[in-house]
Structures are given as structure tokens and as C-alpha cells.
Amino acid sequence: MNKILVTGGAGYIGSHTVVELVEAGYEPVIVDNFSNSQESALEGIAAILGRSITCHRIDCTSTYALRDVFKKEGDIAGVIHFAAYKAVGESVEEPLKYYQNNVGSLMALMQVMEEFGVNNLVFSSSCTVYGIPAELPVTELTPVQKANSPYGNTKKMCEEILTDVAASDSSLKTIALRYFNPIGAHPSAKIGELPLGVPNNLVPFITQTAAGIREQVTIFGNDYDTPDGTCIRDYVHVVDLAKAHVVAIERLLSNKAESIEFFNVGTGRGTTVLEAVHAFEKATGVKLNYKIGSRRAGDVPKIYADVTKATEILGFRTTSTLEETMLSAWNWQLHLQESTANA
Ligand code: NAD
Ligand code: WQD
């Protein structure tokens, strides 16, 4: 059974990917320092799979700690690298923390992978590398632009490092997945997004408002050049996104990939904030308390993916409607409430 190291595997997307890897017959091994996740994620994964998954509680910026994991685990066939900090606003306040962690962890990982002859890497990138695109939908050939946050710049820098290494005589093969907006949760409602503190992202703010934890959703601006004036995004179900990682690792292990490949992972559909809010209300029957507020600095007005390349080469397809995805997010929120009440 191919062993796959999943850094950040206790996180939102990582935990869902661990489940899909097992379902696809792989043996995932988690590496996580729980800087932005909780041990309960491991319990949720175990509840879904009926067995626990090995987890090494280490910092991926430490080559020493990573070396120890590679030694202990032996035959690692590939790595999926999720471990990073992702809060855009925090990255503006603490840029060094983001460069050290996000770029540092990739550098440390690549060094140890090379030492142990592990040559297959799936990297978590982001549509944020496209900045404010001139044309829509964005393809993988849409120019990468100057990032509008240190967080976005860490993703851009990591892509550049991986591209330079690919251009050298390195044996490393990388697939970089550029995620759009992952939302929702596993249908079991045993794993999902666990934002620490006040959520930055739309969907957890919606579910927490619907649950009465937050007073009201503020929609950041309705004066954009879009059908209803609110921003457009490409919201992709986190389980569909997790499955994209399985097909990416399969492509690498079957030696079909070039030295580095980039894929957009989204639905290919643009959705406005108001449409997302109404989809949540329709899916759950819960009336949401929201108001229109001023624009949020740094917001991209419109972005959504052209997913032709992922569809044709990876065979990637999204399977959930926006309403189904919103309902999965709501069911996860209800599960969280129940767990808190029973704690
Ligand atoms: P997350 O914060 O839920 O998961 C990241 C995990 O990595 C957490 O469990 C955290 O504890 C761990 N981690 C962070 N730094 C670490 C380190 N130095 N050593 C060990 N573990 C470490 O985030 P997520 O939403 O699951 O995102 C996963 C990846 O996808 C990140 O690289 C993120 O930048 C990228 N991404 C996320 C989104 C999104 O909207 N969620 C969109 C595009 C790209
Ligand atoms: C979505 C839309 C907001 C909250 C961010 C990062 C990106 C990536 C995904 C890591 C926007 C609007 C939001 C709210 C609102 N993360 N909104 N009220 O900004 O598209 O992307 O997460 O890679 O790098 O930038 O996601 O969920 O914050 O916002 O109106 O309370 O919802 O203006 O249009 P975003 P988001």
C-alpha cells in the first residue's frame, strides 16, 4: 500500500484528503504541529474510517524533525504539503511569521525529500497567485501577478522555488493545485472547517451567524461590477477538492507528470456573495441575518476558474451543487454545537 505523507493533515483540507486517500487505498501518515487545528480532527477522521491514522506532532520547518519522521516511516511514496498559515489579514500584520513558516516548511521538506529519495510532491497553492485577473475565467496560463498580501506572496514564491527546482536536474516531480474557495464539510459531519476565533472566511461566518454565535453577516460591498454588486468567487466542495489530491498523487506515482504541473481546482462557476447567502438559506431553511457593509480592503472583485485542464488531464469533476455544499457546512456546524453541548 503506497504510503503518503500529508503535512498539515489535521487541518481543514488535509483531514478531508486523508479520508479520501484511505478510501482510494493509500496509507496516509499525518504530520502536523496543531498550530491551526485541533486533535479532535484526528478523532473525526478515525470515526469516519473506523481506524486511527498515524500522526507525527512536529514542525515542518525543522529538517531535523522531518528527517526523524522519514526515518521512522521508511518507504514514503509521495508527499502532499498542506502545512502553512493561511490568514491573509494576519500575514499583513506578521509577514515574517508567514515567510518563515510557509516558505521555510517547503524548503525544509524539499531538502529532506531529496535526502530520502522521495520525488513526488503535491503542493497546496491558491488562486490568490492570479491577483486581480484581467480576463475570466482564469486558466493556468493566466499571468501570475504581484500578490496583494504576504500570504499570497508566500504561495507565489513557493511556486517559483518549485519551478526553479524542476528546471534543474532534480528528480523531484511536483503538481501544484491552485485552489479557489474551498467550503463545506464531509457528509458525515465528523470533520470540517475549524476556524480559531472570529472567522475571516464567508462560509464559516455564515454558519456561525445561523447558529447564533455571530450576530450578523456583513457583506463586504455591493457596488462591484457584478450582477448583484457583490464579489464573485468559485466555491468548491472540500471533498471534491480532496479527491483532486488523490488523482494528482496517482498521476505522480504513475510517472505521467512533467517535472512541474499546475492545475486550477474549482467548479468553473462564479457565484456572488449574495447568491451564496441565498443558497445557504435555501439549502438549510435558515433565514440569515445579514447587512451590506463597505468593501473589504484587498478583495478581488471577481475570480473563478477555467477547470478544463484539471478535467481533461486529471479527470477532475465536481460532484456537489452549491446548495448541497452549504448544507454540508451547516450540518458540520450543528455537529460542533452538539459536541460543545455534550462536552
Ligand atoms: P488549515 O490551517 O486548516 O490547515 C493547515 C494545517 O497545517 C493546520 O493543521 C496547521 O496546524 C498545520 N501547520 C501549519 N504550519 C505547520 C508547520 N510548520 N508544521 C506542521 N504543521 C503545520 O488550512 P487549510 O484551509 O486546510 O489549508 C491547507 C493548505 O491549503 C494551506 O497551505 C493553505 O494555504 C492552502 N489553501 C487554503 C485555502 C482555503 O481557503 N482554505 C485556499 C487556497 C489554498
Ligand atoms: C469570500 C467572499 C468577501 C466574509 C480567502 C483568501 C484566499 C484563500 C481563500 C488561502 C469575498 C466576502 C467574506 C464576510 C463577506 N485562502 N465576505 N463577508 O477572500 O475569496 O479568499 O480565502 O489561500 O487566499 O484570500 O475568501 O471567504 O474571505 O471571502 O462579504 O464576513 O465573501 O468579500 O468576496 P476570499 P473569503
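The values are calculated or read from the model by the stated rules, or taken from the named source; none is laboratory data. In this text the structure is predicted, and so the values were computed from the model without any measurement. All Cβ positions, even for glycine, are placed from backbone atoms using ideal geometry, and neighbour counts span all protein chains on display. Please note that ligands, DNA and RNA were not included when accessible areas were found on the heavy atoms of the full protein model with its side chains. Shrake-Rupley method; radii C 1.70, N 1.55, O 1.52, S 1.80 Å.
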Within the range 9-31, residues open to solvent by 10 Å² or more (accessible area, probe 1.4 Å) and either at pLDDT below 95 or within 14 Å of ligand 1 (Cβ to nearest atom) (or both) come out as Gly11, Tyr12, Ile13, Glu20
Residues of the range 162-192 being touching a residue at least 40 places away in the same chain (Cβ under 8 Å), among the hydroxyl-bearing types (Ser, Thr, Tyr) and more than 11 Å from ligand 2 (Cβ to nearest atom), in sequence order, are Thr163, Ser170, Ser171, Thr174, Ser188
Log entry, pairs with first residue in the range 16-42 being within 15 Å of Ile76 (Cα to Cα), second being modelled with pLDDT under 95 and surrounded by fewer than 19 Cβ atoms within 10 Å (Cβ to Cβ), beta carbons closer than 8 Å, six or more apart or on different chains, reads Gly25/Met1; Tyr26/Met1; Glu27/Met1
A careful count of residues in the range 266-314 that are away from ligand 1 (no atom under 16 Å from the Cβ), more than 20 Å from Ile13 (Cα to Cα) and in a loop (DSSP other than H, G, I, E, B) gives 12
Flagged in the range 196-207 as open to solvent by 20 Å² or more (accessible area, probe 1.4 Å) and over 14 Å from the mean Cα position of the chain (by Cα), in numbering order, are Leu196, Gly197, Val198, Asn200, Leu202, Phe205
A careful count of residues in the range 315-331 that are in a loop (DSSP other than H, G, I, E, B) and touching a Ser or Thr at 6+ places or on another chain (Cβ under 9 Å) gives 3
Query raised in the report: Does any residue of the range 243-256 turn out to be at pLDDT 95 or above, more than 10 Å from ligand 2 (Cβ to nearest atom), buried (at least 22 other Cβ atoms within 10 Å of the Cβ) and not hydrophobic (A, V, I, L, M, F, W, C)?
Result: yes
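So that you can scan it fast, the table gives a plain yes or no per residue for (1) open to solvent by less than 10 Å² (accessible area, probe 1.4 Å); (2) more than 15 Å from the chain's Cα centre (by Cα); (3) closer than 18 Å to Gly9 by Cβ; (4) near ligand 2 (Cβ under 9 Å from one of its atoms):
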position: Leu194; (1), (2), (3), (4): no, no, yes, no
position: Ile213; (1), (2), (3), (4): no, yes, no, no
position: Ile219; (1), (2), (3), (4): yes, yes, no, yes
position: Tyr224; (1), (2), (3), (4): no, yes, no, yes
position: Val238; (1), (2), (3), (4): yes, no, yes, no
Flagged pairs (Cβ under 8 angstrom, 6 or more apart or on separate chains; first in the range 196-221, more than 19 Å from Asn331 (Cβ to Cβ); second acidic (Asp, Glu)) are Phe220/Asp299; Gly221/Asp299
Those residues of the range 42-89 which are more than 16 Å from ligand 2 (Cβ to nearest atom), aliphatic (A, V, I, L, M) and not in a helix (DSSP H, G or I) amount to Ile53, Ile58, Ile76, Ala77, Val79
Being among the acidic types (Asp, Glu), more than 17 Å from the chain's Cα centre (by Cα) and within 14 Å of ligand 1 (Cβ to nearest atom) narrows Glu140, Glu135, Glu94, Glu114 down to just Glu94
Exercise. Among the residues of the range 310-319, is there at least one that is more than 30 Å from Glu160 (Cα to Cα) and modelled with pLDDT under 95?
Worked result: yes
The one condition Ile45 fails out of (1) touching a helix residue (DSSP H, G or I) at 6+ places or on another chain (Cβ under 9 Å); (2) open to solvent by 40 Å² or more (accessible area, probe 1.4 Å); (3) not small (Gly, Ala, Ser) is (2)
Condition set closer than 17 Å to Asn181 by Cα and either free of Cβ contacts under 8 Å to residues at least 60 places away in the same chain or surrounded by fewer than 18 Cβ atoms within 10 Å (Cβ to Cβ) (or both), scope the range 117-127, selection nearest to ligand 1 (Cβ to nearest atom): answer is Ser126
